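Encoded as structure tokens, the structure appears first; notes follow it.
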Amino acid sequence: MKKPFLPLGLLTLGLAGYLALGQYTLPEGPGKDLVLAKCQACHDIGFVARERLSRDRWDGVIDEMVLRGLSLTPEERAAILDYLATYLGTEPPPASPPAQPASSPKTGAQVYANCQGCHGPQGEGNPPAFPPLRGHVEKILKAEGGRTYLLLSVLYGLQGTIQVEGKEYAGIMPSFAWLPDEEVALVLNYLATWGTPQGFTPYTPEEVKAARAKVLSPEEVLKHRQGLKLP
Amino acid sequence: MEKVDRRTTLKLMGMGAALLAAGGRVMAQQTPTADQLVKGKNANLIVLSQRPVVMETPYDLLASNPERTSKEILYIRNNVDLPGYNTVEGASPQGWKVEVGGLVDKPFTFEASELFALPQTEVTMVLQCSGNGRTLYNPRPSGNPWQRGGVGNVTFRGVRLQDILAAKGVKVSEKALFITAHASRQGNAPEFVRSVPIHALENALLALSMNGEPLPAVHGGPVRLVFPGYFGVNNVKWVEKIEFAEGENTTAEQVPRYRVPAIPNTHLPFLPQEPGKRYPYTLQNSRANWLVTLNSFIFAPLEGQTVEGPYVRVEGVAFNDGIVPIVSVEVSTNGGRTWHQAQLSTQGKTFGWVRWRTTLYLRPGEHEVMARAWDAAGRSQPLDGNIAWNERGYEYNGVMRVKFSVA
């Protein structure tokens, strides 16, 4: 009698283990990208993803963040609150919307949604904290070691003051190590479409995977950048 | 699924294992260990946040070092990440300037390296995040899920703030009711400001070293303003400005963060907030997490351990804000119906933790031991820590319970 349940049990255990260990990213749902864009500049996203709070208390948390300098339009605020209260609430979240976001392959432009909160929808930048990507990425890719640097900065983030085109930027770039290898490659190749240097070979998921071998701190990525010859 | 043959069973088991492995892989990729994030930290520390760096000491590590908490295992709760400071090495005091101003007759600036020439004072104190024990509240408060390892016992050495004021011939105005400290904002770090009552000036220390070594950069080196008896958050790391002020600072770290509800002019032993509800924190209806609340921890036996009987050694530490001595620690093995006094290692006032121990006669089987401290001001710990529930889960000091077996 008991035997048939054993494999099922094991499967459930495996699934539970997977879910428990994989909780560092936010559940899929409308508003997720907005939450990522707004929260990640200051928080390790795991910090947000593991909370389970009532709508009322999420509302309080957002109030606090606004006090600390988060800028939101009323629409963004409502969307973020809906997402947090629904997917990181005290009730179990509803089943993910029909698996379309998960199963349909993403495009680089879709992955870029994670970046646009800081770098702007068109990569135009947002001084004095966040440098432009459009126009600048091409120069990074042309510089010796620039290709690796660009990948490392997405994987591990960047902290410290940098000079771009003679202007100083002093924001904080979070780590995007939680993105799958494929999506990191997609977004890097998307950035390259804004200006591709001669002989550019697209980034591959394997290249991203290899770069994960040695974990760097955002300060170490900054040192990497300082070694490049950039305008 | 009436019958599952051997092959199917194996297949399903394989799938489960693969999923588990995948989970592990995801985690390995995403969460660097403590030593990867902060150079010189013990790899076993629990990483609660990578940025800003927050890491907790595993309870068994804390308990196995009951004398002093070393820099390798001391917890970290940083609100600010200064570029290049994620290491337990010291930071250079050369060129590090600290401004002293506000309600003083002669504002001045000094360099951290000047401090080495002044008389040095040492203090052993409990450093504890005011969110320590947060996970024990129900319903779950927001914030880093601290268990009990957001605490340590460390020795700071440096120059008393009063001594440098005296050395510079500076007088603080009688109007000054608070000391406000600002952390460095280098590398575009966010603002971090805290105010403590002027009474804290009595023991305030500009710390240059910890446990006999240069103050680790990640713990606030080269210079940290330390207030013995106060919760960790008030001990401003990388201090660059100290102001004497009439009122509390009003930036986010002072209100609404790091506060608990309070009814003005009352000293209720509980906090007037309904568990699970919000509270409109203002400077008037709440107080900052200042003085450490009386607390005790059981270091042995550990939860789930099996120990030899029938004589069982129970031990741990107790601490308070250092204003009065801890006078007793009691243990109970019957859910608090009767209590038995433990012996204390010291009697006087201290900012450090006091070790206590006792031997109990216990029959073989399952037991639960509770520990409760009392101090000379008559303060003790609630049997139900949830009575102090607040939405951010600060200042938990409920009586600790440990379940273990006697062989």
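The values are calculated or read from the model by the stated rules, or taken from the named source; none is laboratory data. Bear in mind the structure is a predicted one, so any value in this text is a computation, not a measurement. Virtual Cβ from ideal backbone geometry, glycine too; neighbours counted across all protein chains shown. All accessible areas refer to the heavy atoms of the entire protein, side chains included, with ligands and DNA or RNA removed. Shrake-Rupley method; radii C 1.70, N 1.55, O 1.52, S 1.80 Å.
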Residue list for segment B:360-405, restricted to those being open to solvent by 10 Å² or more (accessible area, probe 1.4 Å), in a strand (DSSP E or B) and more than 15 Å from residue B:330 (Cβ to Cβ): B:361, B:365, B:366, B:367, B:403, B:405
Tally, over segment A:196-219, of residues that are surrounded by fewer than 17 Cβ atoms within 10 Å (Cβ to Cβ), within 13 Å of chain B (Cβ to nearest Cβ) and part of a helix (DSSP H, G or I): 3
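Please state which one of B:278, B:257 is closer than 29 Å to residue B:222 by Cβ and open to solvent by 20 Å² or more (accessible area, probe 1.4 Å).
Details: B:278 fails: closer than 29 Å to residue B:222 by Cβ.
Residue meeting the stated conditions: B:257.
Scan the strands (runs of 3 or more DSSP E) fully inside segment B:182-247 and keep the ones with 3 or more residues being touching a residue at least 24 places away in the same chain (Cβ under 8 Å) and open to solvent by 10 Å² or more (accessible area, probe 1.4 Å). Spell out how you get there, then give the answer.
Numbers: elements: B:193-197, B:205-210, B:224-226, B:239-245.
The strands (runs of 3 or more DSSP E) meeting that bar are B:239-245.
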From the list B:295, B:265, exactly one residue is polar (S, T, N, Q) and open to solvent by 10 Å² or more (accessible area, probe 1.4 Å). Which is it? B:265
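Open to solvent by less than 50 Å² (accessible area, probe 1.4 Å), within 10 Å of another protein chain (Cβ to nearest Cβ) and under 30 Å from residue A:69 (Cα atoms): does that describe residue A:188? Walk me through how you get there before you give the answer.
On the way: open to solvent by less than 50 Å² (accessible area, probe 1.4 Å): yes; within 10 Å of another protein chain (Cβ to nearest Cβ): no; under 30 Å from residue A:69 (Cα atoms): yes.
Spelling it out, it is not the case that residue A:188 is open to solvent by less than 50 Å² (accessible area, probe 1.4 Å), within 10 Å of another protein chain (Cβ to nearest Cβ) and under 30 Å from residue A:69 (Cα atoms).
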Provide a single number: the residues in segment B:54-104 that are under 30 Å from residue B:355 (Cβ atoms), in contact with a helix residue (DSSP H, G or I) (Cβ under 8 Å, 6 or more places away or on another chain) and free of Cβ contacts under 8 Å to residues at least 24 places away in the same chain. 1
Filter result (more than 17 Å from residue B:103 (Cα to Cα) and part of a strand (DSSP E or B)) within segment B:147-181: B:151, B:152, B:153, B:154, B:155, B:156, B:157, B:158, B:159, B:160
When (1) crowded, with 24+ Cβ neighbours inside 10 Å; (2) within 14 Å of chain A (Cβ to nearest Cβ); (3) hydroxyl-bearing (Ser, Thr, Tyr) are applied to residue B:130, the one that fails is (2)
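Take residue B:318 and tell me if it is in contact with a Phe, Trp or Tyr (Cβ under 7 Å, 6 or more places away or on another chain), surrounded by 15 or more Cβ atoms within 10 Å (Cβ to Cβ) and assigned to a strand (DSSP E or B).
Values: in contact with a Phe, Trp or Tyr (Cβ under 7 Å, 6 or more places away or on another chain): yes; surrounded by 15 or more Cβ atoms within 10 Å (Cβ to Cβ): yes; assigned to a strand (DSSP E or B): yes.
Yes, satisfied.
Counting only residues that are of a type in the set (Gly, Ala, Ser) and closer than 28 Å to residue B:289 by Cα, which one in segment B:92-127 is surrounded by the most Cβ atoms within 10 Å (Cβ to Cβ)? Before you say what the answer is, go through the steps one by one.
Residues of segment B:92-127 that are of a type in the set (Gly, Ala, Ser), as a first pass: B:92, B:95, B:101-102, B:112-113, B:117.
From the residues that got through so far, the ones that are closer than 28 Å to residue B:289 by Cα too are B:101-102, B:112.
Values: B:101: 16, B:102: 19, B:112: 24.
Of everything passing the filter in segment B:92-127, B:112 is surrounded by the most Cβ atoms within 10 Å (Cβ to Cβ).
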Would a scan of segment A:87-106 turn up a residue that is modelled with pLDDT of 85 or more and outside any loop (DSSP other than H, G, I, E, B)? yes
In segment B:31-45, what residues are within 12 Å of chain A (Cβ to nearest Cβ) and open to solvent by 40 Å² or more (accessible area, probe 1.4 Å)? B:33, B:35, B:36, B:39
Filter segment A:140-171 for residues that are more than 14 Å from chain B (Cβ to nearest Cβ) and part of a loop (DSSP other than H, G, I, E, B); which is surrounded by the most Cβ atoms within 10 Å (Cβ to Cβ)? A:143
Among all residue pairs at least 6 apart or on different chains, which show Cβ distances below 6 Å where the first residue, located in segment A:42-66, is facing chain B (nearest Cβ under 9 Å) and the second is of a type in the set (Ser, Thr, Tyr)? A:44/B:49; A:46/A:24; A:47/B:49; A:51/B:142; A:52/A:90; A:53/B:142; A:54/A:90; A:61/B:142
Please state which of the following conditions residue B:335 fails to meet, knowing it meets all the rest: (1) modelled with pLDDT of 95 or more; (2) touching a helix residue (DSSP H, G or I) at 6+ places or on another chain (Cβ under 9 Å). (2)
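For segment A:87-98, give me each residue that is more than 14 Å from chain B (Cβ to nearest Cβ) and open to solvent by 50 Å² or more (accessible area, probe 1.4 Å).
Taking segment A:87-98 and keeping what is more than 14 Å from chain B (Cβ to nearest Cβ), we get A:87, A:92-98.
Residues satisfying the conditions are A:92, A:93, A:94, A:95, A:96, A:98.
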Hey, any hits in segment B:299-311 for a residue that's within 14 Å of another protein chain (Cβ to nearest Cβ) and open to solvent by 40 Å² or more (accessible area, probe 1.4 Å)? no
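Can you give me the ranges of the helices (runs of 4 or more DSSP H) entirely in segment A:1-73 with at least 2 residues that are among the basic types (Lys, Arg) and modelled with pLDDT of 80 or more?
Values: elements: A:5-21, A:32-39, A:45-49, A:55-67.
Because the criterion is at least 2 residues that are among the basic types (Lys, Arg) and modelled with pLDDT of 80 or more, the helices (runs of 4 or more DSSP H) in segment A:1-73 that meet it are A:32-39, A:55-67.
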For segment B:121-134, what are the residues that are out of contact with any Asp or Glu (no Cβ under 8 Å at 6 or more places or on another chain) and in contact (Cβ under 8 Å) with a residue 60 or more places away in the chain? B:123, B:124, B:125, B:126, B:127, B:128, B:129, B:131, B:132, B:133, B:134
Determine which member of the set A:187, A:111, A:215 is of a type in the set (Val, Ile, Thr), over 25 Å from residue B:80 (Cα atoms), under 18 Å from the mean Cα position of the chain (by Cα) and at pLDDT below 90. A:111
Say whether the condition of being over 17 Å from residue B:313 (Cβ atoms), loosely packed, with under 14 Cβ neighbours inside 10 Å and not small (Gly, Ala, Ser) is met by at least one residue in segment B:341-357. yes
